[in-house]
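The values are calculated or read from the model by the stated rules, or taken from the named source; none is laboratory data. All figures in this text were calculated on a predicted structure; none of them were measured in a lab. Backbone-built Cβ (ideal geometry, glycine too); neighbour counts: all protein chains shown. All accessible areas refer to the heavy atoms of the entire protein, side chains included, with ligands and DNA or RNA removed. Shrake-Rupley method; radii C 1.70, N 1.55, O 1.52, S 1.80 Å.
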Amino acid sequence: MFFINRLPIVLTRKLKSIRMMSTKLKKSDPSFPTKYFSGIQPTGDIHLGNYLGAIKQWVDLQNKEDLILSVVDLHAITLPQDPKELYQNILRMTATLLACGVDTSKLILFQQSQVYQHTELAWIFSCICTMARLAHLPQFKEKSATLKDVPLGLYIYPVLQAADIMLYKATHVPVGDDQLQHLELSQDLARMFNRRYGLTFPSPHAIVTGTSKIKSLRNPSKKMSKSDPDAKSRICLTDSADEIARKIRKSVTDCTSAITFDPDERPGVSNLVMMHSSLSGKTVEVILKEVEGMDTLQYKSLVADCVISFISPISQRIKELMEEPQYLRNVLDVGTSRAMEIASCTMEEVRGKMGIQLLHTEAHELATSNRSMYKM
């Protein structure tokens, strides 16, 4: 996941707490209208944890606030990608978001790489950011630990993240715990630019959900993850009913047969209870009362039925949309046009303040005329 989401009033009521970078919810700078930006990388299938942790909140948020979502393919290529597979993943991610309820009449959904201003602003920010500042970010060390040759893009991608946010003057950014320091960099870069060139960008506020994440089915001490090499550790929104039932049946629990909720002492079965609660809308207390007397095997079957009934319609809709690639491309094209309108205005302001705006001189007009003749 790239960024995550939003004010308490739009989070699902199941989510018990929201933690921000300060203990109190910060209001937007009055100089800038409230706007939310979030992004998701087109790598791997979306799993249940991704849906509950981010996408469901985006669907809720789109009805209440100004929201921009991006399929951030430029971030995906910081690590090697097969071109054909990446192209399909971009379409699949778009299909998945639509199948989950993202409504492009209520928000902007676009492909990051098709709005060239992202990389332009990233370059400008890279010229005011320091190597020492980037070196303090922990994710680079984690991601590069297994690489012999580390791509430059992996080192500087937090600068591109800052450009993603600032290009739309987003005031609120949903983030996971592992992205908090990256958002702090965005805040720093916004302040540095504003000090040098005048008020241009808001200082974006991080919004972090403080809820329990859905854990790995194979190792409930870790969160469910797309990058886990064990496919049985996660339930994907494209999984078949048989796959879901098999994964839940083989999920790691313990030797106690009774169903209780104790994440510290019984993380495996507690993870199933949390999953059941999140999808059914029932509280943990209600579920424990309903399943009193069940053993673990019986409860796994009940949870599997709940997950299958929830995921099956989404999975079917993804399949239908993937059979209409032109429709998906059109969705992204429309969103890209809308995003570019905002991005163009921002960059015109940025260039003007920095003194690198286009100069309408005779030389410029002659160059433009020559290019037109060349095209003819």
field: Residue within the range 137-145 that is in the same structural domain as CYS345 (by the TED database), farther than 19 Å from GLY352 by Cα, in contact (Cβ under 8 Å) with a residue 12 or more places away in the chain and surrounded by fewer than 11 Cβ atoms within 10 Å (Cβ to Cβ) present
entry: yes
statement: Of (1) open to solvent by 30 Å² or more (accessible area, probe 1.4 Å); (2) over 30 Å from LEU183 (Cα atoms), ILE244 satisfies every one except (1)
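Just for helices (runs of 4 or more DSSP H) wholly inside the range 280-365: which have at least 1 residues that are under 22 Å from PHE201 (Cα atoms) and small (Gly, Ala, Ser)? It would help to see each step written out before you state the result.
On the way: elements: 284-290, 296-322, 325-354.
Here the list reads 325-354.
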message: So the check is Cβ under 8 Å with 6+ separation or different chains; which pairs have a first residue in the range 67-94 that's among the acidic types (Asp, Glu) and buried (at least 21 other Cβ atoms within 10 Å of the Cβ) and a second one that's in a helix (DSSP H, G or I) and at pLDDT 95 or above?
response: ASP73/LEU86; ASP73/ILE90; ASP73/GLN112; ASP73/SER113
- request: Search the range 203-221 for residues being open to solvent by less than 20 Å² (accessible area, probe 1.4 Å) and outside any loop (DSSP other than H, G, I, E, B), and hand back the single one that is modelled with the highest pLDDT.
  value: ALA206
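Looking at the range 261-297 only, could you name the residues that are among the basic types (Lys, Arg) and either in contact (Cβ under 8 Å) with a residue 12 or more places away in the chain or crowded, with 19+ Cβ neighbours inside 10 Å (or both)? Steps first, please.
Looking only at the range 261-297, we keep the residues that are among the basic types (Lys, Arg), and these are 266, 282, 289.
ARG266 - this is the single residue of the range 261-297 that is among the basic types (Lys, Arg) and either in contact (Cβ under 8 Å) with a residue 12 or more places away in the chain or crowded, with 19+ Cβ neighbours inside 10 Å (or both).
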- prompt: Regarding VAL208, is this residue touching a residue at least 40 places away in the same chain (Cβ under 8 Å), of a type outside the set (S, T, N, Q), touching a strand residue (DSSP E or B) at 6+ places or on another chain (Cβ under 8 Å) and assigned by the TED database to the domain that holds GLU65?
  reply: yes
- prompt: Just one of the numbered conditions (1) surrounded by 17 or more Cβ atoms within 10 Å (Cβ to Cβ); (2) at pLDDT below 95; (3) of a type in the set (S, T, N, Q) is not true of THR104; which one?
  reply: (2)
- request: Output the qualifying pairs, or none if there are none: Cβ atoms under 6 angstrom, residues six or more apart or on different chains, first residue in the range 37-63 and farther than 19 Å from MET275 by Cα, second residue polar (S, T, N, Q) and crowded, with 24+ Cβ neighbours inside 10 Å.
  value: GLY39/SER70
